[in-house]
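Engineer: What follows is a single structure, and I will ask about it in a moment.
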Amino acid sequence: MQPIIREAMVYDTLGIHPRIAECLSRGRSDYIDIKYYRHGDLANYCQRNTVAAELQSKWFQQILEAIVVIHSHGIIHSDLALRQFFLDDEFNIRLGDFNSSQCPGHLALGYEKASHCLPRDYDLPNTETSDLFALGSTLYELVACKAPYSELAGPKSDDPDVIKAQILRQHEVDHVIELRYKDHVFPDVSGLFGGKIILGCWRGDFSDAKEALDQLEAFPIYHRSSEL
């Protein structure tokens, strides 16, 4: 029940915004009713479809905009990933899934998966810095079409035995990823759209999401390539 109450609290705080999933049950705390988005979430959409560069760059910017919005309200998402963004009918992104989020006066109920997680003292509150790190991994997912270090888990398979083996070794994989991040060893972003912004999120170069967004907007769309 606590995650439902938390998510309802966040949607009430954020109100109506074009970068936030539309909550149809605002004002209620006993259940959550989110508008149905027929295109689904961004992670599944990108896996099933070839995304044009222009659309990819638009989503890159809109993901940044969404994080600027929630942080301006004191909300730390605490589980950022590409799967948390929905596509509306106009193919604009909307951030949702706030059931682990931290908000003023209420600590987070969880944190990110290893591929998106800033190594830190997990007994302390989550921060904009931890969200920005996860933002870097989310943007990487968008432009690289895979999660950071996903290759460590091995190739995808429908074989039940392979899937079972991957699940059993997931803890080991997560530990390897955490050690790499602690040593500031990040996936290669050379040649990727927005690569410097992604790396800046991982390195902690930005004081907030707005600074990262400003860096993106400083370049005309036709110049936005690996130079970012």
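The values are calculated or read from the model by the stated rules, or taken from the named source; none is laboratory data. All figures in this text were calculated on a predicted structure; none of them were measured in a lab. Positions of Cβ are backbone-derived with ideal geometry, glycine not excepted, and every protein chain shown enters the neighbour counts. Heavy atoms of the whole protein, side chains included, go into the accessibility calculation; ligands, DNA and RNA do not. Shrake-Rupley method; radii C 1.70, N 1.55, O 1.52, S 1.80 Å.
Engineer: Over the Cα atoms of the chain, what radius of gyration and what Dmax do you get, in Å?
Structural biologist: Reported Rg and Dmax, both Å: 17.3, 49.
Engineer: Between residue 219 and residue 88, what is 0.36 nm times their sequence separation minus the Cα-Cα distance? Round to one decimal in nm. Present the calculation step by step, with values, prior to reporting the outcome.
Structural biologist: Details: separation 131, 0.36 × 131 = 47.16 nm, distance 2.63 nm.
That pair, residue 219 and residue 88, stretches by 44.5 nm at full extension.
Engineer: Go ahead and run the numbers for FRET between residue 127 and residue 50, Cβ-Cβ distance against an R0 of 35 Å, rounding to 0.05. Could you put the intermediate results ahead of the total?
Structural biologist: On the way: r = 36 Å, r/R0 = 1.03.
Result of the calculation: an efficiency of 0.45.
Engineer: Something else now. Under a straight-distance cross-link criterion of Cα-Cα below 19 Å, which aspartates and glutamates are reachable from residue 58, leaving out those fewer than 8 residues away in the same chain?
Structural biologist: List returned: 41, 88, 89, 90, 141, 211, 214, 217, 227.
Engineer: At 1.4 Å probe size, put 83, 6 in order of accessible surface, largest to smallest. Kindly include the intermediate steps, with their values, before the conclusion.
Structural biologist: Details: 83 85, 6 15 Å².
Ranked list, largest accessible area first: 83, 6.
Engineer: Using only the Cα atoms of the stretch 43-170, what do you get for the radius of gyration and for Dmax, in Å?
Structural biologist: In Å, with Rg to one decimal and Dmax whole: 15.7, 46.
Engineer: Quick check: with the 1.4 Å probe, what order do 130, 150, 29, 72 take by accessible area, largest first?
Structural biologist: The ranking, largest first, comes out as 72, 29, 150, 130.
Engineer: Just the accessible area per residue of the stretch 77-187, please: how many Å² with a 1.4 Å probe?
Structural biologist: Values: 5570 Å² over 111 residues.
On a per-residue basis, 50 Å².
Engineer: Considering only protein heavy atoms, what is the solvent-accessible area of residue 117 at a probe of 1.4 Å, reported in Å² to the nearest 10?
Structural biologist: Approximately 10 Å² for this residue.
Engineer: Work out how much length residue 61 to residue 31 would gain on full extension: take 0.36 nm times their residue separation and subtract the Cα-Cα distance, in nm to one decimal. Walk me through the numbers before you get to the answer.
Structural biologist: On the way: separation 30, 0.36 × 30 = 10.80 nm, distance 3.12 nm.
Full extension of this stretch gives 7.7 nm more.
Engineer: Report the local net charge at residue 130: Lys and Arg +1, Asp and Glu -1, summed over other residues whose C-beta lies under 12 Å from its C-beta.
Structural biologist: Numbers: positive: 120; negative: 79, 112, 121, 128, 131.
Net charge in that neighbourhood comes out at -4.
Engineer: Multiply the residue gap between residue 172 and residue 152 by 0.36 nm, knock off their C-alpha separation, and tell me the result in nm, one decimal place. If you can, show how the numbers build up before the last one.
Structural biologist: Working: separation 20, 0.36 × 20 = 7.20 nm, distance 0.97 nm.
Result: 6.2 nm gained on full extension.
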